[in-house]
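Have a look at the structure below, then the notes.
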Number of protein chains: 2
Amino acid sequence: MSGRRSVFFVSDRTGITAESLGTTLLTQFPGIDFVKHTLPFIDSPEKADSARQEIDRAALADNARPLIISTLADPHVREVVAAANGILLDLFEAFVGRLQGEIGTPAHPAVGLSHGISNHLAYKHRMDAVNFSLSADDGAPVGNLGDADIILVGVSRSGKTPTCLYLAMQYGIRAANYPLTPEDFETLHLPKPLHAHRDKLFGLTIDPERLSQIRQERKPGSRYAALDNCRFEVSKAEKLFQVERIKSLDTTTKSVEEIATTMLHEMHLSDARHR
Amino acid sequence: MSGRRSVFFVSDRTGITAESLGTTLLTQFPGIDFVKHTLPFIDSPEKADSARQEIDRAALADNARPLIISTLADPHVREVVAAANGILLDLFEAFVGRLQGEIGTPAHPAVGLSHGISNHLAYKHRMDAVNFSLSADDGAPVGNLGDADIILVGVSRSGKTPTCLYLAMQYGIRAANYPLTPEDFETLHLPKPLHAHRDKLFGLTIDPERLSQIRQERKPGSRYAALDNCRFEVSKAEKLFQVERIKSLDTTTKSVEEIATTMLHEMHLSDARHR
């Protein structure tokens, strides 16, 4: 049966984990028109009851039981939501029991904390990294390259800025951003300010046609956005990465999440952030 | 049994969902020293076999079976990882079967796509929003308040900038940022540029002592950071929110994720982004 189906992401906190997993699961069923709702901060039986009523209304309207993808740590809250006319897929229910058995200690049913400030130091680290990336993006990047965990190198609009921000926000990585400009291409040598930081460099590249499209949106009809100029810049940048043996990644079809995780993995920064 | 236990977040994509759920689950077992590893892009039986070997080595070293929290859409890849000497908690395995039964169509075992560019338009929307927030934060915010989905109002360092970036990056919400300065407090009226946008305003407030700490880090010993000045600014800002009936939130103990989701919920923007 295809058709329309309501989906509720229900959480005692932000709902980010439930949404994220739920969205991935639903991509496996491409024929269905899923209508998504997020109900965050459902952390009391009273709020759970309002959620239950909202789900029941959707069940009536759709004439089909909604899917409920939830992260509800408190069994009492879960029970109330489970009474709704829907299919409850709760991540805690599914896994906490098995974990308890394996670990050999009972779970401490605190509300899930992965997106809260459960670890003040780690959170401060993330916010400091965001501020670092913002200031490093502010036109005077050279000064703080020494404080960076990683330095993204690439032509204008190859994806450096959003990737730096994502690395900072999600992982607390201090990411700086070094734009390659046409002057850098006169010789095929690494720009001087980067010499002392070779081991932190990571190159971003992009398909020249896509780059030209992106630049046209910002400066229509400019030399900056012209396809032949984009071809020139990208080929020089790629040549530079090759000559200087800088690891690099083509961002054309990749999301910031994919660029960031690939980079962490290739630079072996991936486990450092768990410490 | 407490002690040290390795945890592997294994994914055919970025690993963000597995990490996020896994971290939440593990907070339920506060006594254990979990050593976390992320293995992203495990999308072939060969890569799965390397992952299996890494997990097996950790099992030997720890003398305890590692936990494997995974999002592996391909059953063949999952099978290889499941052969490791660990406890596999796979989110797909746990839920896809039940979803298939309920929806009545077989899952299409494409690799999970929630953090890829599966939806080009939505991704472009997110990146445009990031650029919007960056330019709106660039000192000349007033010009594009009209294009904003939401306008965050608050004193300097109350959390506006990282929240705007998070709203943009995660949800594609165009969030602008209007700092309240001491001049705005001479009268208790809404600053002029905000008059036309009352329905988009959301106030951020913060404990004055915490604010003073944050400001001290940036400008030690300044009038800007002095506790009595922070008290003055915060009390005036809160008064303004009250007089002008602007919804507001105390950010002191909240993460950007919590601030952002609370705001979406209160401003009824929460479901708009699923459309």
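Here are some notes:
- Within segment B:26-52, if we keep just the residues that are more than 9 Å from every other protein chain (Cβ to nearest Cβ) and part of a helix (DSSP H, G or I), the residue that is surrounded by the fewest Cβ atoms within 10 Å (Cβ to Cβ) turns out to be B:Glu46.
- When segment B:26-69 is filtered for residues that are of a type in the set (D, E, K, R) and in contact (Cβ under 8 Å) with a residue 40 or more places away in the chain, the ones remaining, listed by number, are B:Asp43, B:Glu54, B:Asp62.
- Only one of the listed residues (A:Gly31, A:Gly15) is within 16 Å of B:Ala107 (Cα to Cα) and among the small types (Gly, Ala, Ser). That residue is A:Gly31.
- Extreme residue, nearest to A:Glu257 (Cα to Cα), among residues of segment A:137-167 that are within 13 Å of chain B (Cβ to nearest Cβ) and at pLDDT below 90: A:Asp137
- Exactly one residue out of A:Arg174, A:Arg198 is surrounded by 21 or more Cβ atoms within 10 Å (Cβ to Cβ), within 18 Å of A:Val153 (Cβ to Cβ) and either within 13 Å of chain B (Cβ to nearest Cβ) or modelled with pLDDT under 95 (or both): that is A:Arg174.
- A:Ile55 over 26 Å from B:Ser6 (Cα atoms), at the interface with chain B (Cβ under 9 Å from one of its Cβ atoms) and more than 26 Å from the chain's Cα centre (by Cα): no
- Of all residues in segment A:1-20 being basic (Lys, Arg) and part of a strand (DSSP E or B), the one that is surrounded by the most Cβ atoms within 10 Å (Cβ to Cβ): A:Arg5
- Criterion violated by A:Arg65 - all others in (1) at pLDDT 90 or above; (2) part of a helix (DSSP H, G or I); (3) of a type outside the set (S, T, N, Q); (4) open to solvent by 50 Å² or more (accessible area, probe 1.4 Å) satisfied: (2)
- When segment A:53-62 is filtered for residues that are within 15 Å of A:Ser11 (Cβ to Cβ) and open to solvent by 60 Å² or more (accessible area, probe 1.4 Å), only A:Glu54 remains.
- Residues considered: B:Leu89, B:Leu99. Of these, the only one that is within 11 Å of chain A (Cβ to nearest Cβ) and either among the charged types (D, E, K, R) or not in a helix (DSSP H, G or I) (or both) is B:Leu89.
Listed here are the residues, each with its yes/no results for (1) within 13 Å of chain A (Cβ to nearest Cβ); (2) part of a helix (DSSP H, G or I); (3) open to solvent by less than 30 Å² (accessible area, probe 1.4 Å); (4) not hydrophobic (A, V, I, L, M, F, W, C).
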position: B:Glu183; (1), (2), (3), (4): no, yes, no, yes
position: B:His189; (1), (2), (3), (4): no, no, no, yes
position: B:Leu194; (1), (2), (3), (4): no, yes, yes, no
position: B:Gly203; (1), (2), (3), (4): no, no, yes, yes
position: B:Gln213; (1), (2), (3), (4): yes, yes, no, yes
position: B:Glu217; (1), (2), (3), (4): yes, yes, no, yes
position: B:Ala237; (1), (2), (3), (4): no, yes, yes, no
position: B:Leu240; (1), (2), (3), (4): no, yes, yes, no
position: B:Ile259; (1), (2), (3), (4): yes, yes, yes, no
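- B:Arg245 meets all of the listed conditions (1) of a type in the set (Lys, Arg); (2) assigned to a helix (DSSP H, G or I); (3) within 17 Å of B:Leu190 (Cβ to Cβ) but one, namely (2).
- Filter pass, A:Thr23 being touching a residue at least 24 places away in the same chain (Cβ under 8 Å), in a helix (DSSP H, G or I) and either closer than 18 Å to B:Ser70 by Cβ or not aliphatic (A, V, I, L, M) (or both): no
The values are calculated or read from the model by the stated rules, or taken from the named source; none is laboratory data. Computed from a predicted structure; not experimentally measured. Reconstructed Cβ throughout: ideal geometry from the backbone, glycine too, with neighbour counts over all protein chains shown. Surface accessibility is based on the protein's heavy atoms, side chains included, excluding ligands, DNA and RNA. Shrake-Rupley method; radii C 1.70, N 1.55, O 1.52, S 1.80 Å.
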